[in-house]
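Sending over a structure as structure tokens; questions will come in a sec.
The values are calculated or read from the model by the stated rules, or taken from the named source; none is laboratory data. Predicted model only: the values in this text are computed from it and were never measured. Here the Cβ is made from the backbone with ideal geometry for all residues, glycine too, and neighbour counts use every protein chain on show. Accessible surface is based on the protein model in full, side chains and every heavy atom, while ligands, DNA and RNA are left aside. Shrake-Rupley method; radii C 1.70, N 1.55, O 1.52, S 1.80 Å.
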Amino acid sequence: MKLSNEQLQPLLAQLPAWQASPARGGLITRRFVFRDFAQAMGFMCQIAVHAEKNDHHPEWSNVYNRVDVTLTTHDVDGLSMRDIRLARTMDQVADALAQ
Ligand code: H2B
């Protein structure tokens, strides 16, 4: 189900590192910066397994230690709870790697 602006507001407040855009019906983006390429790959591998298990996949690109991510839900032409949950997981995995 597509989240309304009213529903999104408090959810996005809990994801301060993510930027929301109205493009493509609604999407969120975040740049993750890691120590080096190996750590960025570790992040992407962990998230890839999670994404496949949940059938919800990030659009992303990697340059050395950076990973640029866009999340949106094609089926609803905008943001759904699946994007919010994946963003939370990505934040948690990145935080754990930074320890
Ligand atoms: N990932 C994302 N980010 N959005 C989707 O709408 C989506 C997906 N849909 N992964 C899934 C796969 C869909 O294409 C399959 C058929 O369930």
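Only one of GLN92, GLN46, GLN99 is over 9 Å from the mean Cα position of the chain (by Cα) and surrounded by 16 or more Cβ atoms within 10 Å (Cβ to Cβ). Can you tell me which?
Numbers: GLN92 fails: surrounded by 16 or more Cβ atoms within 10 Å (Cβ to Cβ); GLN99 fails: surrounded by 16 or more Cβ atoms within 10 Å (Cβ to Cβ).
Only one candidate qualifies: GLN46.
Residues that are in a helix (DSSP H, G or I) and in contact with a helix residue (DSSP H, G or I) (Cβ under 8 Å, 6 or more places away or on another chain): does the range 30-41 have at least one?
Scanning the range 30-41 turns up at least one residue that is in a helix (DSSP H, G or I) and in contact with a helix residue (DSSP H, G or I) (Cβ under 8 Å, 6 or more places away or on another chain).
Which of (1) in contact (Cβ under 8 Å) with a residue 24 or more places away in the chain; (2) more than 11 Å from the ligand (Cβ to nearest atom); (3) among the aliphatic types (A, V, I, L, M); (4) open to solvent by less than 60 Å² (accessible area, probe 1.4 Å) does VAL33 not meet, given it meets every other one?
(4)
To continue, here is another question. Is it the case, given these coordinates, that PRO16 is in a loop (DSSP other than H, G, I, E, B) and loosely packed, with under 15 Cβ neighbours inside 10 Å? Working first, answer last.
Working: in a loop (DSSP other than H, G, I, E, B): yes; loosely packed, with under 15 Cβ neighbours inside 10 Å: yes.
So PRO16 passes the test.
From the list ALA23, ALA96, pick out the single residue that is at pLDDT 95 or above and away from the ligand (no atom under 16 Å from the Cβ).
ALA96
Residues are listed down the side, and each one gets a yes or a no for (1) closer than 24 Å to TYR64 by Cα; (2) among the charged types (D, E, K, R):
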position	(1), (2)
LEU3	no, no
LEU8	no, no
LEU12	no, no
PRO22	no, no
GLY25	no, no
ARG30	yes, yes
VAL33	yes, no
ASP36	yes, yes
GLN39	yes, no
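Let me ask something additional. Which count do you get for residues in the range 53-84 that are free of Cβ contacts under 8 Å to residues at least 24 places away in the same chain, out of contact with any helix residue (DSSP H, G or I) (no Cβ under 8 Å at 6 or more places or on another chain) and either more than 9 Å from the ligand (Cβ to nearest atom) or outside any helix (DSSP H, G or I) (or both)?
The total comes to 5.
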